[in-house]
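Trainee: One structure follows; several queries about it will come next.
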Amino acid sequence: MAAAEAMVDPNPFIDSLRFERRIPACTIVIFGANGDLAKRKLLPALYSLAHDRRLSAGFAVAGNSRTPLSDEDFRARMKQSVKDFGEQDQYDEEVWQSFERGLYYVPGDVKDPAYYNSLKERLEAISSERHTGDNVLFYLSTQPSLYGPIVRQLEAAGLARSENGGWRRIVVEKPFGHDLASARELSRQIQGVFEESEIYRIDHYLGKETVQNILAFRFANGIFEPLWNRRYVRQVQITAAETIGVEDRGGYYEESGALRDMVQNHLLQVLATMAMEPPARFEAEAVRNEKSKVLESIRPMSSDDVSRYAVAGQYGPGRVGGTDLAGYRQERGVDPESQTDTYAAATFFVDNWRWAGVPFYVRSGKRLAKRVTEISIEFASAPHVLFSEQSPVETPNLLILRIQPSGGISLRFDAKKPGEGMQLRGVSMDFHYGSSFGVREPSAYETLLLDAIAGDGTLYSRQDMVEASWAAVEPIVEVWKNQKHDFPNYAAGSWGPGPSDQMLNENRHRWRTP
Amino acid sequence: MAIDPETLIRQIDELWASLADHSPGEEQALMRACSLTLLVLVNEEDDLAALSETLAELMQSHPSRAILIRVAAGGDERLEADVKAHCWMPMGRRQQICSEQIEIQVSERTAPDLPSVLLPLIVSDLPVVLWCRGERVARLPVFRQLSAFAARLIVDVREFRGSRDALSWLSDLSRSASGVTDLSWARLTRWRETVAQVFENEACRQRLPELTAVELTYGGNAKAGIPASAYLMAGWLMNCLGWSLDGGSWSEKGGETLVLRHGDREVRMGIHHAESPGLGSRLAAVDLKSGGEPPFEILLRRVEDYLDLELSTETGSAVSNRVWFPPSSDVALLNEELKIFAPDTVFHAALDTATRISERVA
């Protein structure tokens, strides 16, 4: 592909100093276009990009699901989705009317080979009508069990390769398998049809501005990197806490749980971003190589380790702000005797020269006290404490990288209180991402969709990363699967089960209250 | 009257101390944010309230020490200063972030004293940007004096009388100072980006050599002549297309047409006025077209607060697109300019060509 691109004349109108990224025209084929993800995330993100002039004029979407709908019906549904789930101040009727002209609907059963012939015909017509250059991005937003069959049919119908010089890419939504073996099998099926460079495994956490900012923070500033190692860092905590329960995803959640749903993908990716070595270049392969090395360096847990280094939890009923909250087992679609973890905490060790011996505490849970995702890095104390009489309680320096709800960076340090004597107080120096740059942060899906259209896989997971993260959590999965948990073990609205605190107490650490 | 810079610095420190006293939150220090020193040179008659509002908004994205210099015409002895802060609350947070603003009033007579006042007030180790509003102050000797401090000089030739003189002045300035830019150029970014986006399509790119005519349309008062933005757009398009100013030109009602060369071919560029109520003296449309068959045409038109794009690549086949395209505020334009500290070679090349076009059609 690189050779083909090199032959194309460069665009003489590009002004890289001022213009946003170059985005070619293409058609996005969304399998599962009538599903929640398409309605809540994908279409609002695409409309938002169109509103901000980030998509090319000939951009098109071909939605698929089994529900028989006309193009007009599909457009009407998507319009409502954009109104319901998009940013309120961005909806504009005139812009929508222009955008919807590029929306098409190709209904059919994705297991039926005949469907792909009609899809092919439609894509050819769209390419001609919209001048997309026969570029097609397939987006798998269906049940994971359909990923393999869809990919095989795309190949059989000749849709996986363009005959007219366009490109083909495929975006795969998580879960990438439910364990290491299934992840490998899924990969085998997709890689049998698409090149690895054409496969975009989406982890929307990596599209968040603040996760990307970790890279900028670490590698654009010279002052932090010298401290970023086992000599100065005492512990790292990664927290992804949600206040909501499983809502209407009980059926799905019963099959996944917090460990698979959050830790295996999102949080280990965040860990890798935080702990990676500086890449030689800011390019997809260089960045992903370094992340992959970190994930492969995570110490595998033995069965005995799991009881010491991992804690499962499940929320029971609770009461928050005068409102009674149901326990997980009372949620719709959930087994009343469920053994599914809605909370997972684990201590990982990254066995490399930079991080040997530093615990990485990772936790994620539903129905916790506060919605927050952050990385907290605790630095070692000063080697000699001068002010122990004035401030008997040790207050370590903390660097907090906040991912959501409001991204930013805080540095906590001690300062002298103004006035007589040497009284110390902790102060927090905050960089607030949204307010400091005064611009709307693009949603993670906006960022990632543009990346895929532009052919930039930096923020997408590569197969070796997926396998390494499965390898890190699989021992926990195995032990928990064969264990009868004493669930529920934390109340909705609390900070999780007691054993999670005990896990840190062993190292005389404790969870930070975000 | 005189200004003692040390007194001003002390006043700034006192201001910060008083703000800290009223800062909410025991554990939160008041944030003082600064990424540059922004010198703003304006006419005394400029709307101070609107300007302060612009600066306050700008400071949320580019926290700075803003030094607003209001220059009165005439020869009085005015040289006065005042200090204030702009504070804002980050979304959903109690903590305040503040930036400082110093207002200095001078007359044309006392303006030469400004450099000695400003030198101690410039924040160390951070870039200095000079934003000059209005033709009168831009042509004062003090503007050139202050230019020496600045890594970036931002002017707006739209506010100058006579775009040909304005472009000539801007060309001279960009030859004698570094980091010169113009808000008229920044107003074109979205137009230019939309044109560039079309040519991300390889099929369109392959048809570039077929283009034989470019037509630019502007609104506003026809008697005011072709605005600088239209010249700059023409200059940029010529550079991108590799067209040269080797042919002649002729005037006709409502505009100018230039005969240009592209290799051994003759091509044309027209710049014409069109009645566009409410548009002002701004670019109204850009039309790039081929002369042969099948037709190839890219038409961008501003329609109220939208930009319409029509792309025709063969008979009966056209893609149309409408995007949100409200007029750019000063804050948006300055935000764009303040992100740039690298040499803007595209602008300088466009300015050079635009200046030569304006001289040709004069």
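Trainee: Could you look through the range B:157-179, keep only residues that are over 17 Å from B:Ser358 (Cβ atoms) and touching a Leu at 6+ places or on another chain (Cβ under 7 Å), and pick out the one that is surrounded by the most Cβ atoms within 10 Å (Cβ to Cβ)?
Mentor: Across the range B:157-179, the extreme among qualifying residues is B:Gly179.
Trainee: Just to verify a result, which residue in the range A:424-460, among those that are away from chain B (no Cβ under 13 Å) and closer than 30 Å to B:Ser99 by Cα, is modelled with the lowest pLDDT?
Mentor: Restricting to residues being away from chain B (no Cβ under 13 Å) and closer than 30 Å to B:Ser99 by Cα, the top hit is A:Pro442.
Trainee: Provide a single number: the residues in the range A:251-291 that are modelled with pLDDT of 95 or more, more than 16 Å from the chain's Cα centre (by Cα) and small (Gly, Ala, Ser).
Mentor: Going through the range A:251-291 one residue at a time, the tally reaches 1.
Trainee: Looking only at the range B:260-296, which residues are in a strand (DSSP E or B) and over 18 Å from B:Ser229 (Cα atoms)?
Mentor: B:Leu260, B:Arg261, B:His262, B:Arg265, B:Glu266, B:Val267, B:Arg268, B:Lys289, B:Ser290 - these are the residues of the range B:260-296 that are in a strand (DSSP E or B) and over 18 Å from B:Ser229 (Cα atoms).
Trainee: Which ranges mark the helices (runs of 4 or more DSSP H) fully within the range B:141-207 that have 1 or more residues being within 10 Å of chain A (Cβ to nearest Cβ) and of a type outside the set (A, V, I, L, M, F, W, C)?
Mentor: Helices (runs of 4 or more DSSP H) meeting the threshold: B:189-198, B:202-206.
Trainee: Then there is this: If I go through the range A:128-165 residue by residue, how many of them are farther than 20 Å from A:Ala38 by Cβ and away from every other protein chain (no Cβ under 14 Å)?
Mentor: 9
Trainee: Scan the range A:71-110 for residues that are open to solvent by less than 40 Å² (accessible area, probe 1.4 Å) and in a loop (DSSP other than H, G, I, E, B) and report the count.
Mentor: Final tally of qualifying residues: 6.
Trainee: Just name the residue that is nearest to B:His62 (Cα to Cα) out of those in the range B:109-138 that are surrounded by 13 or more Cβ atoms within 10 Å (Cβ to Cβ) and out of contact with any strand residue (DSSP E or B) (no Cβ under 8 Å at 6 or more places or on another chain).
Mentor: Going through the qualifying residues, I end up with B:Pro115.
Trainee: Within the range A:111-139, work out how many residues are surrounded by fewer than 16 Cβ atoms within 10 Å (Cβ to Cβ) and in contact with a strand residue (DSSP E or B) (Cβ under 8 Å, 6 or more places away or on another chain).
Mentor: Going through the range A:111-139 one residue at a time, the tally reaches 1.
Trainee: Taking the criterion of being more than 22 Å from B:Leu170 (Cα to Cα), within 14 Å of chain A (Cβ to nearest Cβ) and more than 24 Å from the chain's Cα centre (by Cα), would at least one residue in the range B:214-227 satisfy it?
Mentor: Among the residues of the range B:214-227, not one is more than 22 Å from B:Leu170 (Cα to Cα), within 14 Å of chain A (Cβ to nearest Cβ) and more than 24 Å from the chain's Cα centre (by Cα), which makes the answer no.
Trainee: Still on this structure, I have one more. Would you mind stating whether A:Glu195 is open to solvent by 10 Å² or more (accessible area, probe 1.4 Å) and under 30 Å from B:Asn201 (Cβ atoms)?
Mentor: yes
Trainee: Give the residues of the range A:491-514 that are touching a helix residue (DSSP H, G or I) at 6+ places or on another chain (Cβ under 8 Å) and within 25 Å of A:Arg402 (Cβ to Cβ), sorted by residue number.
Mentor: Within the range A:491-514, A:Met503, A:Arg510, A:Trp511 qualify.
Trainee: Among residues belonging to the range B:239-276 that are within 24 Å of the chain's Cα centre (by Cα), within 14 Å of chain A (Cβ to nearest Cβ) and not aliphatic (A, V, I, L, M), point out the one that is most open to solvent (accessible area, probe 1.4 Å).
Mentor: In this case the residue turns out to be B:Asn239.
The values are calculated or read from the model by the stated rules, or taken from the named source; none is laboratory data. Predicted model, so just to flag it, every value in this text is computed and none were measured. Don't worry about glycine lacking a Cβ; one is built from the backbone with ideal geometry, like all the others, and counts go over all protein chains shown. In case anyone asks, the SASA skips ligands and DNA or RNA and just uses the protein heavy atoms, side chains included. Shrake-Rupley method; radii C 1.70, N 1.55, O 1.52, S 1.80 Å.
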